[in-house]
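What follows is a short report on a single structure.
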Amino acid sequence: MDVKYINPFIEAFLSVMPQLGFEKVEKTNLSLKDCNLTYTGVIMTVGIVGEIKGNVVYYLDLNSAKKVASTMMMGMPVDEFNEMAQSAISELANMLTANAATFFSNIGITVDISTPTLLYGDQVSVKMNSNQILCIQLLADDIPIDINIAFS
Amino acid sequence: MAGTKVVIVDDSPFSIAFIKGILVRNGLEVVGEAGTLEEVKQVIKETKPQLVTMDMTLPGTDGLECTRAIHEIDRNIKVIVISSMMDDEIVKEAKENKVSAYVQKPIDEEELMTAVNRVMSSEELFRFLSSEYIKIFKEALLDGTNKLTKSLIQYKDEHICSQEFQSEGLAVIVGIIGKFSGRMLIDVKMETAYKLTASIMKREASGIDEVLAVLGEFTNIVSGNACSIINRMNKAYGLRVAPPTIMHGESIHITAPAYTTTNILADSDFGEILLNIGFQRGDDQWM
């Protein structure tokens, strides 16, 4: 998979997170994974079609998801991962992917995105549509967020 | 578009008469007028329009406050701003307040009617999709199962899904993109997935990887077929499906998105199959 497909997602993260109230955003790691991921926490998947086709899977552990939702809601305490928190995190996936789509269009690649589907659970195995998945690990105010990208 | 009920919000009698003239000539029905926030609330409640034309500068209020008040009464009412002021900042604010289109004064009849047609045709397309998609996806699942396994499925329950639900073990998610975006999801027990795979492959499944691959392709076929049928009904839908993402595990909660989805439950020779589908109204009609 071409590395130029990664930058729009990193740029989106670096530009969206500060707008949501996060002060420190950074990329910590980039790795190539095989097709099976297992996660305990919150997972969001967003479909992409257009000149390139695939999926993005975002992951945060449950506590991180609550912290991010709280920051997005101006510091309102989030004790439970309830509908309000789910809606905020879902919107985060939507904003990040929509912004990435804009960065893609800036480099001449037109893509459209689907609505996000949010799931949570323990030991959830995730199979994406490609055997090679690029995983970007990022931090927003020290909260880790994984972005997995698979283009077929 | 003919017969669409419209309310005109403006504080200038000249503008009201002018806009009314255009709308009536084009077959729309002007059911009310308002010039203040209070009048807006009252007229909207009484006349229940599908469309509102909105001036930006109004005594004691502004077009955006009135738009919010309208959407508090009924968020499905479309608002087109008609204002002499138009700059990036105000257009951005209008978008944020769920305005569907922005037309600058002095009003050009053709420009206004193009905006009205776009906004209202989007509404009609969504209404049609909402009334048809369940039937079409059910047919596609029935047909896909039948062609691949030579067996039939029986639908036994169908309800609006507004809460999260727990996966039976394996969930295949397909994002749908087009005029309206959404998702389709198939959820089954792992045991069902194995049986379905064996039936399709006409032999025992070789392992979990094969089961995931078969279920992924099965879901892809069902969603692709259903979206093709919808596109053939009206190519304006332009629906496309993203590749499937497959999740499996013993404790997976699938949350309800911000839009309505429908859960449809079917009995098959392999066990229950849950189909979940929904489309977002979307506001891609900005112009």
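If the condition is being in a helix (DSSP H, G or I) and open to solvent by 40 Å² or more (accessible area, probe 1.4 Å), then region B:98-129 contributes B:Glu109, B:Glu110, B:Glu111, B:Thr114, B:Asn117, B:Arg118, B:Ser121, B:Glu124, B:Arg127, B:Phe128. Restricting B:Lys202, B:Lys189 to those that are touching an Asp or Glu at 6+ places or on another chain (Cβ under 9 Å), more than 24 Å from A:Thr110 (Cα to Cα) and basic (Lys, Arg) reduces the list to B:Lys189.
Would you confirm whether any residue within region A:2-23 is open to solvent by less than 40 Å² (accessible area, probe 1.4 Å), closer than 30 Å to B:Gly249 by Cα and among the aliphatic types (A, V, I, L, M)? Yes, the conditions are met somewhere in region A:2-23.
Based on what the data block shows, is A:Val78 in contact (Cβ under 8 Å) with a residue 40 or more places away in the chain and open to solvent by less than 50 Å² (accessible area, probe 1.4 Å)? Against the criterion (in contact (Cβ under 8 Å) with a residue 40 or more places away in the chain and open to solvent by less than 50 Å² (accessible area, probe 1.4 Å)), A:Val78 does not qualify. Filtered by the rule that a residue be small (Gly, Ala, Ser) and surrounded by 18 or more Cβ atoms within 10 Å (Cβ to Cβ), region B:207-223 gives B:Gly216, B:Ser223. With respect to the stated conditions, A:Asp61 is away from chain B (no Cβ under 11 Å) and within 14 Å of the chain's Cα centre (by Cα). Scanning region B:256-265 for residues that are modelled with pLDDT of 95 or more and in contact with a helix residue (DSSP H, G or I) (Cβ under 7 Å, 6 or more places away or on another chain) gives B:Thr262, B:Ile264.
Being farther than 19 Å from B:Gly3 by Cβ and of a type in the set (D, E, K, R) is a condition met by no residue of region B:76-85.
For the residues B:Ile173, B:Ile136, B:Ile90, B:Ile82, the requirement of being of a type in the set (A, V, I, L, M, F, W, C) and within 14 Å of chain A (Cβ to nearest Cβ) singles out B:Ile173. Considering A:Ala100, A:Ala69, A:Ala140, A:Ala88, the condition of being surrounded by fewer than 23 Cβ atoms within 10 Å (Cβ to Cβ) and in contact with a helix residue (DSSP H, G or I) (Cβ under 7 Å, 6 or more places away or on another chain) is satisfied by A:Ala88 alone. Within region B:181-189, at least one residue is modelled with pLDDT of 95 or more and open to solvent by 20 Å² or more (accessible area, probe 1.4 Å). Does B:Arg281 satisfy the condition of being touching a helix residue (DSSP H, G or I) at 6+ places or on another chain (Cβ under 7 Å) and open to solvent by 30 Å² or more (accessible area, probe 1.4 Å)? Yes, satisfied.
Got at least one residue in region A:104-121 being of a type in the set (A, V, I, L, M, F, W, C), within 13 Å of chain B (Cβ to nearest Cβ) and closer than 16 Å to B:Thr255 by Cβ? Yes - at least one qualifying residue is present in region A:104-121.
Just to be sure before I move on: is B:Ile160 out of contact with any Gly (no Cβ under 8 Å at 6 or more places or on another chain), surrounded by fewer than 17 Cβ atoms within 10 Å (Cβ to Cβ) and among the β-branched types (Val, Ile, Thr) in the structure I sent? In short, yes. Checked against the criterion of being in contact (Cβ under 8 Å) with a residue 60 or more places away in the chain and not assigned by TED's automatic domain parsing to the domain that holds B:Leu196, the candidates B:Tyr133, B:Tyr102 yield just one match: B:Tyr102. Of all residues being crowded, with 18+ Cβ neighbours inside 10 Å and modelled with pLDDT of 90 or more in region A:122-134, which is farthest from the other protein chains (Cβ to nearest Cβ)? Just the residue, please. So, considering only residues that are crowded, with 18+ Cβ neighbours inside 10 Å and modelled with pLDDT of 90 or more, the one farthest from the other protein chains (Cβ to nearest Cβ) is A:Leu134.
If you filter region B:238-255 down to residues that are out of contact with any Asp or Glu (no Cβ under 6 Å at 6 or more places or on another chain) and surrounded by fewer than 18 Cβ atoms within 10 Å (Cβ to Cβ), you find that the one that is modelled with the lowest pLDDT is B:Gly238.
Any residue in region B:208-228 that is more than 25 Å from B:Leu152 (Cα to Cα) and more than 10 Å from every other protein chain (Cβ to nearest Cβ)? Checked against the condition, which is being more than 25 Å from B:Leu152 (Cα to Cα) and more than 10 Å from every other protein chain (Cβ to nearest Cβ), region B:208-228 yields no hits at all. Checking each residue in region B:57-85 for being aliphatic (A, V, I, L, M) and over 24 Å from the mean Cα position of the chain (by Cα) picks out B:Leu58, B:Ile82, B:Met85.
The values are calculated or read from the model by the stated rules, or taken from the named source; none is laboratory data. Remember, it's a predicted structure, so these values are computed and weren't measured experimentally. Counting neighbours? That spans all protein chains shown, and the Cβs are built from the backbone with ideal geometry, glycine included. Note: areas computed on protein heavy atoms with side chains; ligands, DNA, RNA excluded. Shrake-Rupley method; radii C 1.70, N 1.55, O 1.52, S 1.80 Å.
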